[in-house]
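Notes follow the structure.
The values are calculated or read from the model by the stated rules, or taken from the named source; none is laboratory data. Not measured: the values here are computed from a predicted model. Note: ideal-geometry Cβ built from the backbone for every residue, glycine included; neighbour counts use all protein chains shown.
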Amino acid sequence: MDNRDSNGVATLTVTRSEPVRVQPAEHAGDEYYFLSNLDQNIAGIMKTVHLFAATSRSNEDVGQVLRDALAKVLVRFYPFAGSLAVGSEGKLIVKCNGHGVPFVEAAAAESGIEVLGDISIPDHEKLGMLVYVEPEAKNLLETPLLTVQVTRFKCGGFVLGLAMNHCMADGLSCVEFLHSWAETARYLPMSIVPFLDRTIQRAREPPKVEFSHPEYDELKDESNLTQLESEPTQYRSFTFDSKKLGQLKNMAMEDGSIKSCTSFMVLSALIWRSWARALNMDPRQKTKLLFAVDVRQRFGPPLPDGFFGNGIALGCCLCEAGELQNSPLSFAASLIQTTVRNMTDRYIRSAMDFFELNRSKPSLTATLIISTWTKLEFVSSDFGWGEAVQSGPAELPQKVALFLPQVKGIKSTRVVIGMPTSSMKAFQKMLEI
């Protein structure tokens, strides 16, 4: 039986071992590893947890199995064993100095994995126990590019917790790394061999900025949003099945301003508009929507299969809050549709060149970020104990909305978002259709 607090809520206690640094089983790679301008913008730690239910196979040796397989797979993914540094151009690079990947074995000896419940709604306090963060690291340059924690539960299940620097991998590359690691753990050849040369994403010489890039625009806070953001964050999950998504598409197309609309576009339009309304933004407030677009096939030529890195560019929509709040759904959906359509090879390279010249980071005032996991097969990695039963973020910043696929064969999308407590009730009301 799980430990419970005075309110009868199951509690979690995790005991960690000391971290062991895992090195590649063989020497690989050069002394320095190039990071592209698409990597520079999103350097920050992503924390994810992957839950594996109990099977007939004991979990006693899961730490050993995953650690041994990690050493082997790091031969192909050797930059993870390095550390972040600033190169001669003033940009981030990876120094392949044998720093290694901190690997922690842990145990929740008094709890079954069911104590975690539905992890799609982030519980930083509980899920944070399942991800190892190096306590001595004072800044991003001192933070490992990847840390691993394997936590065994009393029931026989286990959780794989990762803290990975986003500059190393986008969602698809992270999934492919997990798959390769899992295949290695089962003594299988890698089904996708990673392509590590990111110099194919170098800025042009000389840099050539051909388009405006509003994602970098500094917006004035006309709506006192900073005060709202200091409030406690309340998280909620909303499910949109195929029927609801169909209704939304019809709503977006009913005035004839757009002829077609994907589920991503219409759902993003609804979330952005509802978010701006719930925060009661001043009509004159400029507001941005940022979202990642997979541009692997949009480059000319396309990025190679197995490309390891960030094959995403930031799409950006910008308008006044009053126009967004008071317009039909087609307005925001049309902005998103146009942005996605314009993400051509020329536009992407212009964005990379803009960073080369300005070294800017996207401004996040009055900005909502949408992160989409609906097509990422995180749960399909099998290390020898079956596929994961749940995967999700260990934490979610307040300005991020996460789109997750619904599990168990139901075709739907779950939207997870954190809002200031005073705004969540209004936000919920606006999603009722």
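Residues of segment 94-135 being within 30 Å of residue 78 (Cβ to Cβ) and not hydrophobic (A, V, I, L, M, F, W, C), which ones?
Passing the criteria: 95, 97, 98, 99, 100, 102, 105, 128, 132, 134, 135.
So which residues in segment 115-128 are buried (at least 16 other Cβ atoms within 10 Å of the Cβ) and farther than 20 Å from residue 378 by Cβ, if there are any at all?
The answer is 115, and nothing else.
Out of (1) in contact (Cβ under 8 Å) with a residue 60 or more places away in the chain; (2) within 24 Å of the chain's Cα centre (by Cα); (3) more than 19 Å from residue 132 (Cα to Cα), the odd one out for residue 112 is which?
So the condition that residue 112 fails would be (2).
Is it the case that residue 136 is of a type in the set (Asp, Glu), in contact with a helix residue (DSSP H, G or I) (Cβ under 6 Å, 6 or more places away or on another chain) and more than 23 Å from residue 396 (Cβ to Cβ)? Working first, answer last.
Working: of a type in the set (Asp, Glu): yes; in contact with a helix residue (DSSP H, G or I) (Cβ under 6 Å, 6 or more places away or on another chain): no; more than 23 Å from residue 396 (Cβ to Cβ): yes.
Spelling it out, it is not the case that residue 136 is of a type in the set (Asp, Glu), in contact with a helix residue (DSSP H, G or I) (Cβ under 6 Å, 6 or more places away or on another chain) and more than 23 Å from residue 396 (Cβ to Cβ).
Across segment 33-44, which residue is farthest from residue 184 (Cα to Cα) among those that are modelled with pLDDT of 95 or more and not in a helix (DSSP H, G or I)?
Here the residue is 36.
Do we have residue 94 as over 21 Å from residue 179 (Cβ atoms), in contact with a Phe, Trp or Tyr (Cβ under 6 Å, 6 or more places away or on another chain) and buried (at least 17 other Cβ atoms within 10 Å of the Cβ) here? Don't jump to the end; show me each part of the working.
Working: over 21 Å from residue 179 (Cβ atoms): yes; in contact with a Phe, Trp or Tyr (Cβ under 6 Å, 6 or more places away or on another chain): yes; buried (at least 17 other Cβ atoms within 10 Å of the Cβ): yes.
Yes; evaluated as a whole, the condition is true for this residue.
Taking residue 206 as meeting all but one of (1) in a strand (DSSP E or B); (2) loosely packed, with under 15 Cβ neighbours inside 10 Å, write down the number of the exception.
In the conditions (1) in a strand (DSSP E or B); (2) loosely packed, with under 15 Cβ neighbours inside 10 Å, residue 206 misses (1) alone.
Taking segment 138-157 on its own, how many of its residues are small (Gly, Ala, Ser) and out of contact with any strand residue (DSSP E or B) (no Cβ under 7 Å at 6 or more places or on another chain)?
The number of residues fulfilling the criteria is 1.
Could you list, ordered by first residue, the pairs with Cβ atoms under 8 Å in which the first is in segment 13-40 and within 24 Å of residue 149 (Cα to Cα) and the second is acidic (Asp, Glu), at least 6 apart or interchain?
Final answer for the pair search is 13/110; 16/105; 17/105; 19/134.
Hey, among 15, 55, 11, 48, which residue is hydroxyl-bearing (Ser, Thr, Tyr) and at pLDDT below 95? Steps first, answer last, please.
Numbers: 15 fails: at pLDDT below 95; 55 fails: at pLDDT below 95; 48 fails: at pLDDT below 95.
Only one candidate passes the filter, namely 11.
Has segment 285-302 got at least one residue that is in contact with a strand residue (DSSP E or B) (Cβ under 9 Å, 6 or more places away or on another chain), of a type in the set (Gly, Ala, Ser) and under 19 Å from residue 417 (Cα atoms)?
Start the filter on segment 285-302 by keeping residues that are in contact with a strand residue (DSSP E or B) (Cβ under 9 Å, 6 or more places away or on another chain), which leaves 285-296, 298.
Those still in the list that are of a type in the set (Gly, Ala, Ser) too: 292.
Now narrow it down to the ones that are under 19 Å from residue 417 (Cα atoms): 292.
Within segment 285-302, one or more residues are in contact with a strand residue (DSSP E or B) (Cβ under 9 Å, 6 or more places away or on another chain), of a type in the set (Gly, Ala, Ser) and under 19 Å from residue 417 (Cα atoms).
Go through (1) within 22 Å of the chain's Cα centre (by Cα); (2) modelled with pLDDT under 95; (3) small (Gly, Ala, Ser) and name the single condition residue 268 misses.
The one condition residue 268 does not meet is (2).
Give me the pairs: first residue in segment 173-193 and without any contact (Cβ under 8 Å) to a residue 40 or more places away in the chain, second residue in a helix (DSSP H, G or I) and of a type in the set (D, E, K, R), beta-carbon distance under 8 Å, and six or more apart or on different chains, which are they?
Close Cβ pairs satisfying both conditions: 189/183; 191/183.
Failed condition for residue 405, given (1) more than 18 Å from residue 232 (Cβ to Cβ); (2) in contact (Cβ under 8 Å) with a residue 40 or more places away in the chain, with all others met?
(2)
Test of understanding: among 228, 245, 267, which residue is touching a Ser or Thr at 6+ places or on another chain (Cβ under 6 Å) and in contact (Cβ under 8 Å) with a residue 24 or more places away in the chain? Give the steps one after another, and end with the answer.
On the way: 228 fails: touching a Ser or Thr at 6+ places or on another chain (Cβ under 6 Å); 267 fails: touching a Ser or Thr at 6+ places or on another chain (Cβ under 6 Å).
When all the criteria are applied, what remains is 245.
Please report, ordered by residue number, the strands (runs of 3 or more DSSP E) entirely within segment 65-137 with at least 2 residues that are in contact with a strand residue (DSSP E or B) (Cβ under 8 Å, 6 or more places away or on another chain), β-branched (Val, Ile, Thr) and not assigned by TED's automatic domain parsing to the domain that holds residue 403. Give the derivation first.
Values: elements: 83-86, 92-95, 101-108.
So the answer is 92-95, 101-108.
Would it be correct to say that residue 49 is among the β-branched types (Val, Ile, Thr) and assigned to a strand (DSSP E or B)? Before you say what the answer is, go through the steps one by one.
Values: among the β-branched types (Val, Ile, Thr): yes; assigned to a strand (DSSP E or B): yes.
So residue 49 fits the description; yes.
Filter segment 278-304 down to residues that are within 22 Å of residue 347 (Cα to Cα) and of a type in the set (D, E, K, R) and give me whichever is nearest to the chain's Cα centre (by Cα).
Let us first name the residues in segment 278-304 that are within 22 Å of residue 347 (Cα to Cα), namely 287-304.
Remaining after also requiring of a type in the set (D, E, K, R): 288, 294, 296, 298.
Details: 288: 19, 294: 13, 296: 17, 298: 21 Å.
Ranking the candidates gives 294 first.
Considering 201, 227, which residue is of a type in the set (S, T, N, Q) and closer than 20 Å to residue 41 by Cβ? Explain how you work it out, then say what you get.
Details: 227 fails: closer than 20 Å to residue 41 by Cβ.
201 is the lone residue from the list that is of a type in the set (S, T, N, Q) and closer than 20 Å to residue 41 by Cβ.
Would you pick out the residues in segment 135-172 that are without any contact (Cβ under 8 Å) to a residue 40 or more places away in the chain and either touching a Pro at 6+ places or on another chain (Cβ under 8 Å) or surrounded by 24 or more Cβ atoms within 10 Å (Cβ to Cβ) (or both)?
Passing the criteria: only 137.
For segment 180-196, does any single residue satisfy the condition of being assigned to a loop (DSSP other than H, G, I, E, B), more than 30 Å from residue 28 (Cβ to Cβ) and modelled with pLDDT of 95 or more?
Residues of segment 180-196 assigned to a loop (DSSP other than H, G, I, E, B): 186-194, 196.
The next check asks that each one be more than 30 Å from residue 28 (Cβ to Cβ); those that pass are none.
No, that holds for no residue.
Output the helices (runs of 4 or more DSSP H) that fall wholly within segment 214-295 and possess 1 or more residues being β-branched (Val, Ile, Thr), assigned by TED's automatic domain parsing to the domain that holds residue 349 and surrounded by fewer than 18 Cβ atoms within 10 Å (Cβ to Cβ), or say none. Lay out the reasoning, then the answer.
Details: elements: 225-229, 242-253, 263-278.
In segment 214-295, the matching helices (runs of 4 or more DSSP H) lie at 225-229.
Might you let me know whether segment 296-311 holds any residue that is surrounded by fewer than 22 Cβ atoms within 10 Å (Cβ to Cβ), outside the structural domain of residue 40 (by TED's automatic domain parsing) and not in a loop (DSSP other than H, G, I, E, B)?
no
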